[in-house]
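First up is the structure itself, then whatever we jot down about it.
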């Protein structure tokens, strides 16, 4: 009974740099384009939206980027995060595989989002910015950013996707507690929002719309910048602290992962745990598989198209080369609010295209089933988003057993579900719909962009 | 900026024994009495309710009791818990004092209750018990026990105080997720419940009533036992893992606490952090002060009477020598559901009587104010119960500054508030009532017991 179920690092072992996978990618990602000229966008053109240091990171090809002391100091209040060996889960499954998970839900925000929130707030403050605007889906990103902004003395205005605003009122209150202002999106605060509400008064909103609204406000004032919780290169960069810690933790177990799994919305938690291990594949000949898990109702990786598309609904962002469902995509109201984004991070998109990464789509109810099974055996109640990673981890273990082999499986438990219990209530009441988007539906959304080749 | 804000222990440093303060108390606590005979109750008389090993622990005078491997193994999935230096809070206060907190909210249940839940479920299982009944106030205890029972293959039936059942539906769902059955109390399932509902159809319930209901079910079946989340000696015993870890952690800081603070409901989290340090006062001549903080609306320690009283409303428990408001006490509907119990643990009661411990009552709104101040500076959103400890810690820091000195302050952050955000919403809407019980009201409840001398 006294096996080591928790693998810890000391504060001294915590990585001091973020890892930038661009340095090691055989095919570098294509550049973001200016929609007007279709030429690569200049750093200056992004300066209305982001502080210079984040733009530099967005475009950097340096392999390692130092984590500033002020960021490290806040990281240390909750990092290194623990890795667990899921012994009870293994036993309940009766699997011969060994399952590990990295737990990112132990910090103030309850999810991995704190890792980039702190960095983004810090760089904005350092460049004299006074106010940040941002979007949030499930509210994990908004909560993480609210405390980070408050800590560094920045105002924060959050556009929260309306369906999540209704499903998760607790997240709004949490953001308010950290002094942030929260507005359901689409809102009447912006031209974009008013336009959408005029056409669709009952619009549930989408991350794409919320991003448009937040950007519209940001570009109007030189002291206000915009901040994004996923998708972009610098966001994935900040999340690599997860995977770098996990590398050191796996080393302590004597195991090495055959497969690494993360749920996939814009890509930041998947990138965070995967990128340092993908480097091991590229540089040191390791053979780990990487599985990004998305909802069947939002299948950009498995059914979307790799093309240049906007990151937001209104077309205010540069054009990004990525897997997308089309920027006008309006998702079903599933409960994994963090996974309802139409696009995918540029880096993961390129890595998927090049075969370094696999993608898998799963249905909502099977994922909640997996989450409940996990909670009953491992204790921690997972965030609905994390349930997708868990379901895929169970698939891997079962598949290995069928094949008569065993795998070392590592997944990222990106957050806890203590603020998402109503979705579990619906699951128990058999009141959670399953929805699978067809290829035809996807193609229609993509045709609607007018951007496909 | 790189000061050590988090003080960690390795798994190897985790204590392997619980500490029993009875061994070191100059005045031993008086024994529980059989209500019929007014004679000390025999272990056998308790056997209908508790498994023998817990009865043995309840009556033990051994200084240290080994933690079983099966319990240690689950402890290790979330222990040792971190201690934090509250540097940002100190800075915001502008205090010269040094403030530390032990954080017990990082485990699956979100509070310290897991420490005793696991032990109690284990001992019951070991003695062949099949089902447990228990009460819960805020739901932290019920959640902790639900997973623990599920882990060890025991059924669990939870009587949840009705006002909390209404205020915190999320906790019920969480318990259901771990396979527990949850009933709002008073209920029609028991004679006690039916009797109360007949007289008071709108009864908000109380911990005392919920205990009576749980016990009524337990005594009817030899394979069902009852389990209590606070108050009793064996519960406090299990919580001493907190204080023993804190002793080792304080040693690493080079500081030693001048004052230790815990919120106070039945006493388990306060006992947990305090008892190992009280031993240092008794045995090694340390001079730490210990402050138990209760709501002004439930002031058993500051206005209650030290006397023999029942632990439950219906008078099914032995008579316990403790500070009490009378077992018929019906508390105001304040949001710290875990602090609304009429009595106080026997050990803390004796220690308070003997001057080893101080007590302090505080109003609800001031405590939420302190909790919000804490969240904005330290990140973690506290449970409403924990806010009482925070408010008293701020008092200590301010008082030291007024006196021109500095104190080393340690408090127990017993849980996170992610499932209690609606109470914060009410606080922000200025919709949280303050209530101070008068001595006259207390005396009336006590007279109602017919038990005072």
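If you average the sequence gap of Cα pairs under 8 Å that are 6 or more apart and divide by the length of the range B:152-207, what percent do you get for the contact order?
Normalised by residue count, the contact order of the range B:152-207 is 39 percent.
In whole angstrom, note down how far apart the Cα centers of the range A:192-217 and the range B:220-291 are.
What the calculation gives is 52 Å, centre to centre.
Placing the label point 7 Å from Cα along the Cα-to-Cβ direction, what are the distances from residue A:354 to the equivalent spots in the other copies, shortest first, in nm to one decimal?
7.0
So, by mean Cβ neighbours within 10 angstrom, what's the order for A:396-407, B:299-310, A:358-369, B:282-293 with the highest one leading?
For the peptides A:396-407, B:299-310, A:358-369, B:282-293, the packing ranking is B:299-310, A:358-369, B:282-293, A:396-407.
Which angle between 0 and 90 degrees, to the nearest 10, do you get for helix A:439-449 versus the longest principal axis of chain A when only C-alpha atoms count?
30 degrees
Evaluate the distance, in nm, between pseudo-label points positioned 7 Å from the Cα of residue B:10 and of residue A:44 along their respective Cα→Cβ axes.
About 5.6 nm separates the two model spin labels.
Of the beta bridges DSSP finds with both residues in chain A, what % are antiparallel, to the nearest 5?
Roughly 35 percent of the beta bridges in chain A run antiparallel, per DSSP.
Between residue B:31 and the same site in the other copies, what are the distances in nm, shortest first, taking label points 7 Å from Cα along the C-beta direction?
Between copies, matching label points for residue B:31 lie 8.7 nm apart.
When N is the residue count of the protein assembly as shown, what does its C-alpha Rg come to as a fraction of 2.2 N^0.38 Å?
So the Cα radius of gyration is 0.94 times the expected 2.2 N^0.38 Å.
Taking every pair of alpha-carbon atoms in the range A:391-434, what share in percent sits in each 5 Å bin, from 0 to the bin with the longest distance?
Spelled out bin by bin, the range A:391-434 gives 5, 17, 15, 15, 17, 14, 12, 3 percent.
For the range A:103-189, I need the span (max minus min coordinate) of the C-alpha atoms along each principal axis, in Å, sorted largest to smallest.
The Cα atoms of the range A:103-189 stretch 36, 34, 17 Å along the principal axes, largest first.
Shielding by partners for B:376-389, please: the mean number of other protein chain Cβ atoms within 10 Å of each residue's Cβ.
Across the residues of B:376-389, the mean count of other-chain Cβ atoms within 10 Å is 3.
Tell me, what is the percent relative contact order of chain B, built from C-alpha pairs under 8 Å that lie six or more residues apart?
So the answer I get is 19 percent.
Expressed as a rounded percentage, what relative contact order does the range B:311-363 have, with Cα pairs under 8 Å and six or more residues apart?
Relative contact order of the range B:311-363: 31 percent.
Angle, helix A:140-152 long axis vs. longest principal axis of chain A, Cα atoms, 0 to 90°, nearest 10?
Tilt relative to chain A: about 70 degrees.
Semi-axes of chain A's equivalent ellipsoid from the Cα gyration tensor, sqrt of 5 times each eigenvalue, largest first, rounded to whole Å?
After scaling each eigenvalue by five and taking roots: 31, 24, 22 Å.
Taking only DSSP H segments of four or more residues, each worth -39500 (n - 2.57), what value at 222 nm results for chain A once the sum is divided by all its residues, to the nearest 500 deg cm²/dmol?
For chain A, the value works out to -12500 deg cm²/dmol.
Roughly what % antiparallel, to the nearest 5, for the DSSP beta bridges in the protein assembly as shown?
Percent antiparallel among DSSP bridges in the protein assembly as shown is about 35.
Once the Cα atoms of helix B:268-284 and of chain B are each reduced to a long axis, what angle between those two axes, in degrees from 0 to 90 to the nearest 10, is obtained?
60 degrees
Place the label 7 angstrom along Cα→C-beta at residue B:450 and in each other copy, then list the distances from the first to the rest in nm, shortest first.
8.5
Coordinate-derived values only; no laboratory data. This one's a predicted model, so the numbers in the text were calculated from it and none came from an experiment. In this analysis, Cβ positions are derived from the backbone assuming ideal geometry, glycine residues included, and neighbour counts consider all displayed protein chains.
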